[in-house]
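Structure record follows, encoded as structure tokens.
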């Protein structure tokens with residue numbers, strides 16, 4: 001067997017690209033509605049201890065309104081995110097730590113990312129500081145590319161490397177159990193918490209956005225006239241949907257209840273099985289959620305039964321808003337999403353009463369894996385949520401869901417808001433960019449790294465925006 005030291009890598013160069021994507025329908029996050037997003041993509045070059053080099057690729061939508069809710073102008077925040085990505089490109093190229101990508105990724109986040117964010121904020125290019133969540137999202141494309149490059153260098157699926165045969169450090173080097181838990185991470189690796197037989201298809205969750213028309217009575221006349229559905233009934237019928245995620249306002253209980261009931265009735269009429277409610281982090285008092293849930297239970301028990309879990313009603317930062325949520329999770333499973341920056345925040349959430357965690361690769365592949373291991377070891381449920389991932393961003397997203405074992409499938413909504421953005425990737429991976437019979441088909445994914453099959457995807461990239469190191 002090849003010695004572990006010979007399997008180690010270090011990053012040596014980066015190239016950064018920005019790919020603009022326009023939505024066909026408005027996409028609402030919190031109090032803002034957007035009609036375009038920039039996807040940041042990077043090529044990262046690594047060198048192994050034997051001198052060989054390989055490249056990996058990572059991509060993440062820079063979802064401004066999700067990572068940085070603010071009254072600042074959208075474009076001001078957007079430019080700040082892109083500027084920070086350029087700084088990260090330099091920092092990753094100069095970060096000559098060696099090891100497995102999960103080890104390098106962890107060390108970069110722990111030792112470099114906060115310093116870089118503080119420096120970026122000290123420059124004062126915006127009237128308020130960029131949040132930590134935004135920094136993680138900007139970092140994620142480089143971290144994802146690092147994992148991809150490692151698999152490519154060794155000619156193996158990256159998910160085959162999260163074990164003792166490839167990693168220098170086991171999980172006790174990264175994770176600490178909760179004080180009240182009989183959990184031991186010594187000698188454990190991420191693979192110990194993966195499902196034994198990852199599925200080749202996943203149930204797909206459709207996003208019912210806050211401004212999406214549910215039926216013809218809600219049409220405004222400005223909807224796109226193209227080959228894609230607009231109202232919910234047509235989406236369900238075309239894609240065979242069984243799972244609907246409902247975006248609520250979190251500050252208008254009458255609207256939220258009416259939206260939940262109307263969507264639920266459409267779901268029942270069309271034989272959908274599951275619902276979930278996302279309150280957009282706008283709630284500050286658990287009684288808001290409890291009152292809505294109790295009313296739904298009493299007046300529409302079938303819809304209450306279909307509600308599989310509740311997602312992140314409360315503000316992002318748990319340290320600033322340490323709300324005891326046991327009364328909510330006593331009613332329905334309660335999942336951290338925006339608050340789940342890392343496993344430490346998941347641990348804090350568990351203390352407050354949260355029972356599940358929604359993972360996102362946009363917070364780094366490294367962080368998502370560590371949070372998944374911590375949550376699974378402590379008996380918490382897991383979901384993998386979308387950041388409206390198109391193009392390459394979709395592939396690590398669905399692979400994470402397949403390996404960690406979710407409460408039900410994976411959220412996937414890029415085909416709703418910018419379906420044509422992924423046309424080139426869809427020619428190679430047709431089942432990843434369309435939902436059929438309510439599922440995504442992952443069977444086209446194979447090869448080294450994340451299994452992008454990048455050489456077969458005929459996408460012409462824009463000019464390199466920024467490069468650093470040996471590329």
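The values are calculated or read from the model by the stated rules, or taken from the named source; none is laboratory data. Computed from a predicted model, the values in this text were never measured in an experiment. Positions of Cβ are generated from backbone atoms using ideal geometry, with glycine treated the same way; all protein chains shown enter the neighbour counts.
Taking the stretch 19-33, which residues are surrounded by fewer than 18 Cβ atoms within 10 Å (Cβ to Cβ) and more than 12 Å from residue 210 (Cβ to Cβ)? Once the filter is applied, which keeps residues that are surrounded by fewer than 18 Cβ atoms within 10 Å (Cβ to Cβ) and more than 12 Å from residue 210 (Cβ to Cβ), the stretch 19-33 yields 20, 22, 24. Here the stretch 424-444 is the region considered, the condition is being over 16 Å from residue 235 (Cα atoms) and touching a residue at least 40 places away in the same chain (Cβ under 8 Å), and the residue that is surrounded by the most Cβ atoms within 10 Å (Cβ to Cβ) is 442. Please verify whether the stretch 289-307 includes one or more residues that are touching a strand residue (DSSP E or B) at 6+ places or on another chain (Cβ under 6 Å), closer than 21 Å to residue 324 by Cβ and at pLDDT 95 or above. Scanning the stretch 289-307, I find no residue that is touching a strand residue (DSSP E or B) at 6+ places or on another chain (Cβ under 6 Å), closer than 21 Å to residue 324 by Cβ and at pLDDT 95 or above, so the answer is no. Evaluating residue 167 against the criteria (1) in a loop (DSSP other than H, G, I, E, B); (2) surrounded by 17 or more Cβ atoms within 10 Å (Cβ to Cβ); (3) touching a helix residue (DSSP H, G or I) at 6+ places or on another chain (Cβ under 6 Å) leaves one unmet condition, (3). Exactly one condition in (1) within 22 Å of residue 429 (Cβ to Cβ); (2) under 21 Å from the mean Cα position of the chain (by Cα) is not met by residue 191; state its number. Only one criterion is unmet by residue 191, namely (1). Residue 182 satisfies every condition listed in (1) free of Cβ contacts under 8 Å to residues at least 40 places away in the same chain; (2) in the same structural domain as residue 282 (by TED's automatic domain parsing) except (2).
Every residue, every condition in (1) under 23 Å from the mean Cα position of the chain (by Cα); (2) surrounded by 20 or more Cβ atoms within 10 Å (Cβ to Cβ), yes or no:
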{"site": "232", "(1), (2)": "no, yes"}
{"site": "241", "(1), (2)": "yes, yes"}
{"site": "244", "(1), (2)": "yes, yes"}
{"site": "256", "(1), (2)": "no, yes"}
{"site": "266", "(1), (2)": "no, no"}
{"site": "272", "(1), (2)": "no, yes"}
{"site": "277", "(1), (2)": "yes, yes"}
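Can you pull out the residues in the stretch 1-30 that are more than 20 Å from the chain's Cα centre (by Cα) and not in a strand (DSSP E or B)? Those that are more than 20 Å from the chain's Cα centre (by Cα) and not in a strand (DSSP E or B): 1, 2, 3, 4, 5, 6, 7, 8.
Tell me, please, whether a residue that is more than 25 Å from residue 186 (Cβ to Cβ), modelled with pLDDT of 95 or more, over 14 Å from the mean Cα position of the chain (by Cα) and assigned to a helix (DSSP H, G or I) can be found in the stretch 361-384. No, the stretch 361-384 has no match at all. Only one entry in 200, 271 is over 17 Å from residue 310 (Cβ atoms), modelled with pLDDT of 95 or more and in contact with a strand residue (DSSP E or B) (Cβ under 8 Å, 6 or more places away or on another chain), namely 200. Of all residues in the stretch 339-346, one or more are surrounded by fewer than 20 Cβ atoms within 10 Å (Cβ to Cβ) and out of contact with any strand residue (DSSP E or B) (no Cβ under 8 Å at 6 or more places or on another chain).
This table checks each residue for (1) over 27 Å from residue 388 (Cα atoms); (2) modelled with pLDDT of 95 or more.
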residue: 254; (1), (2): yes, yes
residue: 259; (1), (2): no, yes
residue: 263; (1), (2): no, yes
residue: 280; (1), (2): no, no
residue: 283; (1), (2): no, yes
residue: 287; (1), (2): yes, yes
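Taken as a whole, the condition of being within 30 Å of residue 284 (Cβ to Cβ), exposed (fewer than 15 other Cβ atoms within 10 Å of the Cβ) and not assigned by TED's automatic domain parsing to the domain that holds residue 162 applies to residue 252.
Exactly one of these conditions fails for residue 316: (1) in contact with a strand residue (DSSP E or B) (Cβ under 9 Å, 6 or more places away or on another chain); (2) at pLDDT below 95; (3) surrounded by fewer than 24 Cβ atoms within 10 Å (Cβ to Cβ); (4) more than 24 Å from residue 254 (Cβ to Cβ). Give me its number. Tallying (1) in contact with a strand residue (DSSP E or B) (Cβ under 9 Å, 6 or more places away or on another chain); (2) at pLDDT below 95; (3) surrounded by fewer than 24 Cβ atoms within 10 Å (Cβ to Cβ); (4) more than 24 Å from residue 254 (Cβ to Cβ), residue 316 fails exactly one: (1). Among the listed residues 421, 402, which satisfies the condition of being assigned to a helix (DSSP H, G or I), assigned by TED's automatic domain parsing to the domain that holds residue 208, within 13 Å of residue 390 (Cα to Cα) and within 20 Å of the chain's Cα centre (by Cα)? Result of the check over 421, 402: 421. May I ask you to list the residues in the stretch 35-69 that are modelled with pLDDT under 95 and surrounded by fewer than 18 Cβ atoms within 10 Å (Cβ to Cβ)? Correct list: 35, 36, 49, 50, 51.
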